[in-house]
Amino acid sequence: MKYQHKQIAKSKLKSRTIKDKAIRVLVVLLSVVTISPIVLIIFKLIEKGYKQISFDFIMKTPPNSYEAMTALANGELIPGGIANGITGTLLMMVAAAAMAIPVGVVTGIYLYENPGKFMANLTRNISDILQGVPSIVLGLIAYIWVVKGITNGYSALAGSVSLAIMMLPMIVRSTEETLKMIPVTIKEAALALGVPYYKVILKVLIPTGFSGLLTGILLGISRVLGETAPLMLTALGSTIINLDITKPTSAVPLLIWEFYNDPNMVGLIWSSSLLLMAIVLSLNLISKQIAARTK
Amino acid sequence: MKQLVIFMMAVFVLYSCGNKSNKNESGQPASKITLTAAGATFPMPYYNMVFSQYTQTTGTQLTYGGIGSGGGIRSLTDKVIDFGATDAFLDDSAMIKMPAEIVHIPTVLGAVVIAYNLPGVDSLKLSNQLLEDIFMGNVKKWNDPKIKNNNPGLNLPDLAITVVVRSDGSGTTHIFSDYMTKISKAWAEKVGVGKSLQWPVGMGAKGNPGVAGTISQTQGAIGYIGSEYAFAQKIQTAKIQNSAGNYIAPTIASVSAAAQAEIPADTRIMLTNPSAAGAYPISGFTWIILYKEQNYNKRSKDQALATVKFLDWLVSEQAQAEAEKVHYSPLPAGTAEKAKAILRTVTFDGQPLLN
Amino acid sequence: MNSDKITKVILLFSSFIILFVAGGMVFSLVKGAIPAFKTFGAGFVFSNTWNPTQGSENYGALPFIAGTVITSVTALLISLPLSFSASLFLGEYYRGTRMAKVLGTMVDLLAGIPSIVYGLWGFYVLRPFLVELGLPNQGFGVFTASIILAIMIIPYATSLSNEIIMMVPNELKEAAYSLGATKSEVVFNVIVPSARSGIIAGYILSFGRALGETMAVTMLIGNANVIPDGFFSTGNTMASVIANQFGEADGLKLSSLIAIGLLLFLITGVINAVGKFIIKKLN
């Protein structure tokens, strides 16, 4: 009997081992499939876009349709660049960050300090729900509140507001999670020494959790960098560089959309996307570095 | 970390300062006026070109958002732009709904072409009956006898017809459906005219480029797009039979011929299915709309003056001559005069701005 | 003491801002949607028509709700085996190795690609590829949109599941190994049950993300305002129709689009709430 058990056990072991190896191969295979789109996309962007990237591309504004058409007809590269989009994106990012970071961080601190309270739970839940709102709806809201209500016209401010609302829940959540990972003893030690509450926050909690906070902020920024839909209804776009926040402004994803829509300039979508991707990916990598350094 | 942030801010400031000095190539003092406009995508290649020319010569900055004709009308209703652009003029009932009286300024003529993708099949001729059959789904294949009979000698393949239409509201759709309503009773009953329709058949794509891109990448596809899209992407266009019975290809001349009709003083007229012998039947004006009384919402007189001055330039010979470069047709002389006359009725506090 | 109180007030006030923003949004959406509900009643949600013709306008949300649900569910199903495998790769099989770092970074990069770039890639690369494989409707439709959606939501489920998997205590795993279990047996009999709630939460989160995706879907789904009658037919989603027609809309149509926006807001809210509830229950 024992021998038969051993035989069964052995053959079962074999089949189990085969199964184990097969699953491992499957997992690796599917994982490779999972990341294949990113490789394909980046390759495509580079293949079609690298020729257009130059110093001019970053410094100049786009050509008009006719200039693009003549360049195409002559077999040349389309002249000009996306400077208005870059400055517009930067302008709106700074404004959105100025609005979202203080509110988000402070709210995150509030949630961290009041874990069980009804108000805190309500805020957390609402914040999570807010995160799920599609960006087009946020654009709609910003149109009603800012374009119609505040600036009486399409403006960079409206665009920033929609982006800020998008970033807010992410910053709130990452702030709370970061602070939760700080050992409570540090905070309690400071309080025990009689340090006033606000100083504990400013001089102990925030510096200690700084890299975690920064990661959350950078991720929030990189997430909204590529948003197009809300900006169509708020910032509208612009052919020139504009740094006035009460006026319409361009943005890189908006420019991509405009190029896509213009029959003569459609070739520019690849290089613009490449640049946008490069910025977003760099931000992602930088924030990962920061997060890794603290671990 | 802090140093990095300061460094990046310094770079940003230097960058934008450096770019600011690049902007003003004319040497004129930079005027502080910015004009904001939004609306139709149909004339965008033309507007794109002339707007930047105007900025280079006068320094007045111009922003245009191609959010569609309906968006232009709505933005003007909300008073968040200086002027709007639409391929579909507002009829009387729509004009009453506006907060204040508006005027229409025609700016350029364009053609809606019937584009198709059949390699090796050039100069396809589509009669009105065929247009109805194809776009209402009665004829489903390219080698259908009806198409063959109309195009003897063409090698039509055994391929399904893929109809492509606009999924978003559009002035291009408006012009196309206006023509279809005029030439097809079935269409007038079942579908009608408008910027957005309930299409009997066809798949939707977003914007002119969506439709153009779909057609150019799909063998057997057919759809209606603004002419510049067909030219720029080298998509074949069909010849359409006009009311005089001639098969006309969309060219600058044939589109101009469509505007030979009697244009009313307020220029609100659809140019589809005209009677002129050499006219391309699916042509149309595109308009700019603005408030007749420019003192609203704390607008400054300078802003209003800059607006009408720009529009006056837009309908002048100088700007109109540029239209052909991007395959649009300039306004006929009579229409341009009417446009200028309308501009001179635009007032600020009751006083006309231009004389 | 005083400064402490002020600090606490500031903290509380800050959280009010979020509530204020959210409440204001609901208010604006409801206000904008009222005309549509007044005209069509509650039946708006179940009505199948979308007729923008002037004079006989009739709008209903059902085609878009159907399209949203179908594409999101399909995307979730497609992404499940992929993100699950990736999270196992990162969290267990090759945990801590350089390969895991590379793979993990690449998965994160998937999340970083802007929606419009996905749309462009889908339109110019994926779609012709699918057409060559024989897909009908010129490659537009629910299937193509679902594939792109699946790719877009993979990183969310993967990173969350990955972290949860890594948090499974080593003692549990070692106990199983000492009993002679193979790696895959440990994975499916120890890790997965233990990490179940986190994994499910990750999928619910990614499902919620799929519901609201706009740009990429609108460029690939064919924009037909009807309930899709087949896997490869064209259709439309709530987010896509708003993006498509918002710029043009006014009056009753604008109100109907805002109503759809409100419905989308509510649906995503409910899904997120359900996800959180499940996590609580399983904990």
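The values are calculated or read from the model by the stated rules, or taken from the named source; none is laboratory data. No experiment lies behind these values; they were computed from the predicted model shown. Neighbour counts are summed over all protein chains in view; Cβ atoms, including those assigned to glycine, are modelled from backbone coordinates with ideal geometry. For the accessible areas, the whole protein counts, side chains as well, though only heavy atoms, and no ligand, DNA or RNA atoms are used. Shrake-Rupley method; radii C 1.70, N 1.55, O 1.52, S 1.80 Å.
Using bins of 10 Å that start at zero, the share of Cα-Cα pairs per bin across segment A:23-179 amounts to 10, 21, 23, 27, 15, 5, 1, in whole %. Enumerate the helices in chain C for which the Kyte-Doolittle hydropathy averages 0.5 or more and the C-alpha atoms extend at least 20 Å along the helix's axis, using complete DSSP H runs. Result, helices passing both filters: C:2-40, C:62-88, C:98-112, C:142-166, C:192-212, C:251-282.
Across all directions of projection, what mean area in square nanometres is found for the Cα convex hull of the protein assembly as shown? Before the final figure, lay out the partial values.
Numbers: hull surface 177.7 nm².
The number I arrive at for the protein assembly as shown is 44.4 nm².
Between A:Met181 and C:Asp250, what FRET efficiency comes out of the Förster formula 1/(1 + (r/R0)^6) with R0 = 51 Å and r the beta carbon distance, rounded to 0.05? Efficiency computed from Cβ-Cβ geometry: 0.50.
Here is what passes the span test in chain A: the DSSP H helices with alpha carbon length of 30 Å or more along the helix axis and a Kyte-Doolittle mean of 0.0 or above are A:2-49, A:83-113, A:156-180, A:268-294. Shown here: segment B:30-114, whose C-alpha atoms stretch 41, 37, 19 Å along the first, second and third principal axes, sorted largest to smallest. With Cα atoms defining each centre, segment A:35-49 and segment C:90-159 are spaced 11 Å apart in the structure. On the protein heavy atoms, probe 1.4 angstrom, tell me the percent of accessible surface of segment C:2-51 carried by carbon and sulfur. Of the solvent-accessible surface of segment C:2-51, carbon and sulfur hold 76 percent. Computed over segment C:71-143, the alpha-carbon pair-distance distribution with 10 angstrom bins reads 17, 35, 32, 15, 1, each value a whole percent. Just to confirm my numbers, what's the Cα centroid distance between segment A:222-252 and segment B:261-276 in Å? Between the Cα centres of segment A:222-252 and segment B:261-276 lies a distance of 38 Å. Label zone (A:Asn125, point 7 Å along Cα-to-C-beta; backbone nitrogen cut-off 17 Å) within segment C:260-282: C:266-282.
Please list C:Ile164, A:Ile8 from largest to smallest accessible area, probe radius 1.4 Å, with all protein chains kept in place.
Output order, biggest surface exposure first: A:Ile8, C:Ile164.
Ignoring everything except DSSP H segments at least 4 long, calculate the 222 nm mean residue ellipticity for chain A; use -39,500 (n - 2.57) per segment, divide by total residues, nearest 500.
On the way: 12 runs with 208 residues, N = 295.
Using -39500 (n - 2.57) per qualifying helix, the result is -23500 deg cm²/dmol.
For the pair B:Ser316 and B:Arg344, label points projected 7 Å from Cα toward Cβ lie 1.5 nm apart.
For the full complex of protein chains and a 1.4 angstrom probe, list C:Arg98, B:Arg299, A:Arg24 by accessible area with the highest value first. Each step should come with its number before you reach the end.
Values: C:Arg98 195, B:Arg299 30, A:Arg24 80 Å².
Heavy-atom accessible area, descending, gives C:Arg98, A:Arg24, B:Arg299.
Restricting the calculation to Cα atoms, every distinct pair contributes to the Kirkwood radius of chain C, found to be 21.3 Å.
Excluding ligands, DNA and RNA and using a 1.4 Å probe, chains B and A jointly bury around 3100 Å² of accessible surface, summed across both partners. Taking every protein chain into account, the accessible area of the protein assembly as shown amounts to 40 square angstrom per residue (probe 1.4 Å). At full extension, A:Lys148 and A:Thr70 could sit 24.1 nm farther apart than now, given 0.36 nm per residue minus the alpha carbon distance. All C-alpha to C-alpha distances of segment A:197-245, sorted into 5 Å bins beginning at zero, yield P(r) values of 5, 15, 13, 16, 12, 10, 10, 12, 5, 1 percent in whole numbers.
Using a 1.4 angstrom probe on heavy atoms only, work out the carbon and sulfur share of the accessible area of chain A in %. List each step's numbers first, then the result.
Working: 8540 of 12590 Å².
Carbon and sulfur together cover 68 percent of it.
For chain B, the 222 nm mean residue ellipticity estimated from helices alone, with every DSSP H stretch of n ≥ 4 adding -39500 (n - 2.57) and the total spread over all residues, rounds to -11500 deg cm²/dmol.
Rg/Rh, computed from the Cα trace of segment C:163-246 with Rh as the Kirkwood radius, has the value 1.30. Equivalent-ellipsoid semi-axes for segment C:88-237 (Cα gyration tensor, √(5λ), whole Å, largest first): 37, 16, 14. Taking a ≥ b ≥ c as the square roots of the eigenvalues of the Cα gyration tensor, an a/c ratio of 1.5 or more together with a/b no larger than b/c marks chain A as oblate.
For segment A:83-294, the residue among A:Phe118, A:Gly139, A:Val103 whose Cα projects farthest onto the positive side of the dipole built from Cβ charges is A:Phe118.
Provide the gained length on full extension for the span C:Phe277 to C:Lys101, in nm with one decimal, where the gain is 0.36 nm per separating residue minus the Cα-Cα distance.
Details: separation 176, 0.36 × 176 = 63.36 nm, distance 3.21 nm.
The C:Phe277-C:Lys101 span can extend by a further 60.1 nm.
In loop segments of segment A:90-151 as defined by DSSP, the trypsin sites (Lys or Arg not before Pro) with at most 16 further C-beta atoms inside 10 Å of their C-beta are A:Lys117.
Each residue was assigned an accessible area with a 1.4 Å probe, and for B:Lys140 the value is about 140 Å². With q set to 0.06, 0.13 Å⁻¹, the log10 of I(q)/I(0) for chain B, from the Debye formula over equal scatterers at the Cα positions, is -0.26, -0.99.
Qualifying trypsin sites (Lys or Arg not before Pro) in segment C:146-233, where qualification requires a DSSP coil assignment and no more than 16 other C-beta atoms within 10 Å, are lacking entirely.
Ignoring ligands and nucleic acids, what accessible area does C:Leu133 show with a 1.4 Å probe (Å², nearest 10)? Ignoring ligands and nucleic acids, C:Leu133 comes out at about 120 Å². Measuring between their Cα centroids, segment A:120-172 and segment B:32-109 lie 27 Å from each other. Bridging of B:Lys340 to lysines at a Cα separation below 26 Å is possible for B:Lys32, B:Lys79, B:Lys97, B:Lys292, B:Lys298, B:Lys301, B:Lys309, B:Lys325, once same-chain residues fewer than 8 apart are set aside. If R0 equals 41 Å, the separation of the Cβ atoms of C:Met167 and A:Met59 corresponds to a calculated FRET efficiency of about 0.25.
For the residues B:Ile263, B:Ile222, B:Ile282, a GNM of chain B with alpha-carbon springs under 10 Å puts the largest fluctuation on B:Ile263.
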